[in-house]
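See structure below.
Please treat every number below as a calculation from the coordinates, not as lab data. All figures in this text were calculated on a predicted structure; none of them were measured in a lab. Cβ: placed from backbone, ideal geometry, glycine included. Neighbour counts: every protein chain shown.
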Amino acid sequence: MKVFTVSGLEGSTLCFRKFLNAVDTYQADVGILLGDLTGRSVAAVTRKGPSSWEVPLNGKVHEIDSPAALAEVTAAIADRGDYWIEQTPEEYEHTRNNPLLVDLYFKSLVRERVEEWLTLADERLGSGGPPILVAPGCGDWTVIDDVLEHGGRLTPCDDRIVDVDGYQVVTSSSSGPTEWELVREMDDRQLHGKLLDLCSGIGDPDYAIVNLQADSRAAQRIVKRFQPIVRMMGTTQGSPGGASKRGRTLELSPRSKLVEDADPTLYGVLVLLENGEVKDYVFTEA
Amino acid sequence: MKGISLSSVIQVINLERQSCDIEAQADGQSGQLHFRGGTLVDAMADGLAGEDAAYEILAWDDPEFEVTTEDSPRDRTIESDLTKMLLETARRQDEENAAIDRIAAESEAETDAHAEVTPVPDLDAMADFDAVPQPLAFTPTSASPAAAPPLRPVSDPEPQSTPEPAVRLPTAEPVGAAAAAAAPAATAAAVAVAAPVPAAESAPAPAGALNVASLRRVMKIAQDGLGDALLSADLCSSADGTSYVGFNSQPAGCALINQLTERMTWSFERGGVPPLGRYYLAELAGAKMLLVAPSGAVHLIIIVDSTRVQLGLLLNVILPEVLSALEEVSPR
């Protein structure tokens, strides 16, 4: 079985489109899309007149003077993983001074982007083709969870075991403590208990692929105990990724895209499994 | 504010249990949604209140809106669960879209079928069309007054029990998916019924001799009279709403408005109010006006820009001329 896994698209619509194409291009038997799925910033597009806008992009403020040019710029913003909102200067001031509104709009945009992706996946993939599993990352707000649960062509896989071609894919978006105080993090003991419950459903570890978030003591203990054939790990922003062994488990972490990358690269890993063994793997860039 | 949808904002408010007021606007309409602790407790929109107002706002296409955080207590007028309301709104929109697609496909199929079996008629040849009476399929609304003509769910069309006309009148305008946008939604702010006629007279006339050239003459009178105030016009079958002759034709709108007219006729009859007269008017959002004139086997459906024509001129000068021409072609 050929498994293609990517993580950390960080809101990039361009990377998501690349992922959908890559599953087909690499002739994967299953695609796995792990978090973080969502981006980190919102560009405030300020409406200065009926056909003029100011848009911050790549550290500069751009003057835009046509709807077509605006559409181009906002598409570029979405491609790199950021969000945008168009407001009058008064609306912008009102929003900026109200943290609750900032939070509300940001989360709404995040949710909307995920909905757009799912629609795109439905359109591009139709009903055929290999299964594609999706789960949020520990840095993703929970407002996307119910959207992913009704994922249409994509199969939600967070906090559960999904069977694919005789292999068990075990995924959890929960993480141990981090310096960023993420919404899905929990203390190590709590996380260990949760992962223990989840992984107790593993039958044959030779046929288990475990997707756990960036390293934590709890995750290490779980891997050591269950010894799945492969563990996929999320990585922090811009980390180089890599491969290592923990006991008999091959741990793989594809790179994640760089926030500042205007034309973001899709990093992934393609793993070939045969009869409960890893026959080969290769890190990919697209 | 643009770039963010009202639906997403509402769902996040609900998920995050926030307390906010939303002021929304679309096509000249405005409304408010009030959330407390994530629950939609109250709504108001253009004369509607509570759940009806909420459904109205949720159905608006891409509204502009402004959110203010507000935590003061508010009486609860909406008991329904927001998720259910959003699903119901989506269901209604899917149903509406499916109807539009279906009707557009049917219209396109009819146009294609006609193109296959009949050479495109030229206007000169049409002059002879009068000689051959063309039976038109229609459902006499007075045939069974006890049974309401059902307002058919658009995804579940009523089977066509009446025979198809032996020869279909050709449509003047290409009717296809591109022309399938539904007519603007009526706000029902104003419905005027003119010149009641006896019930016996309101039934469609028996099949008569219709021809496209005559219908085009009616259309030309309407176009000449209304000029650039005329946004769209269709002369369509009273049986199924199929457009015979159109200007910026609205095939989906014709089919749905045809159902509405049928229902209205039945309701007036059952409700003990005078029957529908020569026409009715509805004020639409965005300073537009819908005018429907049922005349026997043909209905005239037009949408005008009410900022470009005076009502008095429309009702007293242009409309009588158009109706007179229409009734010559298709007597009431």
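Do we find that B:E328 is more than 17 Å from the chain's Cα centre (by Cα) and not hydroxyl-bearing (S, T, Y) in this structure?
Working: more than 17 Å from the chain's Cα centre (by Cα): yes; not hydroxyl-bearing (S, T, Y): yes.
Yes: the conditions hold for B:E328.
Quick one: in segment B:7-17, which of the residues that are surrounded by fewer than 21 Cβ atoms within 10 Å (Cβ to Cβ) and touching a residue at least 40 places away in the same chain (Cβ under 8 Å) is farthest from A:T142 (Cα to Cα)?
Pass one, segment B:7-17, residues surrounded by fewer than 21 Cβ atoms within 10 Å (Cβ to Cβ): B:7, B:14-17.
Then keep just the ones that are touching a residue at least 40 places away in the same chain (Cβ under 8 Å); that gives B:7, B:14.
Values: B:S7: 17, B:N14: 13 Å.
Only one residue fits best here, namely B:S7.
Limited to segment B:7-31, what total is found for residues that are within 9 Å of chain A (Cβ to nearest Cβ) and within 30 Å of the chain's Cα centre (by Cα)?
3
Which condition number does A:T119 fail, the rest of (1) touching a Ser or Thr at 6+ places or on another chain (Cβ under 9 Å); (2) surrounded by fewer than 21 Cβ atoms within 10 Å (Cβ to Cβ); (3) within 14 Å of chain B (Cβ to nearest Cβ) being met?
(1)
Take the conditions assigned to a helix (DSSP H, G or I), farther than 26 Å from B:D46 by Cα and small (G, A, S) and apply them to B:A325. Does it pass?
Working: assigned to a helix (DSSP H, G or I): yes; farther than 26 Å from B:D46 by Cα: yes; small (G, A, S): yes.
In short, yes.
Taking segment B:36-56 as the region of interest, how many residues are in a strand (DSSP E or B) and either of a type in the set (D, E) or touching a residue at least 24 places away in the same chain (Cβ under 8 Å) (or both)? Steps first, answer last, please.
Of the residues in segment B:36-56, the ones in a strand (DSSP E or B) are B:36, B:39-45, B:48-49.
Filter once more, so that each one left must be either of a type in the set (D, E) or touching a residue at least 24 places away in the same chain (Cβ under 8 Å) (or both): B:36, B:39-43, B:49.
The number of residues fulfilling the criteria is 7.
Pairs, please: C-beta under 6 Å, at least 6 apart or cross-chain, first residue at the interface with another protein chain (Cβ under 8 Å from one of its Cβ atoms) and in segment A:91-105, second surrounded by fewer than 17 Cβ atoms within 10 Å (Cβ to Cβ)?
Matching pairs, first to second residue: A:L100/B:T69.
Any idea how many residues of segment A:10-58 are buried (at least 16 other Cβ atoms within 10 Å of the Cβ), more than 20 Å from B:I4 (Cβ to Cβ) and among the small types (G, A, S)?
Number satisfying all stated conditions: 4.
Go through segment B:223-251 and give me each residue that's surrounded by 24 or more Cβ atoms within 10 Å (Cβ to Cβ) and among the hydrophobic types (A, V, I, L, M, F, W, C).
Listed by number, the residues that qualify are B:A233, B:L235, B:C236, B:V245.
Taking the conditions exactly as written (within 14 Å of chain B (Cβ to nearest Cβ) and crowded, with 22+ Cβ neighbours inside 10 Å), does A:T5 satisfy them or not? Quick ask: steps written out before the conclusion?
Details: within 14 Å of chain B (Cβ to nearest Cβ): no; crowded, with 22+ Cβ neighbours inside 10 Å: yes.
So A:T5 does not fit the description; no.
Consider A:R80 against the criteria (1) within 12 Å of another protein chain (Cβ to nearest Cβ); (2) among the charged types (D, E, K, R); (3) more than 18 Å from A:R47 (Cβ to Cβ): it satisfies all of them except one. Which criterion is unmet?
(1)
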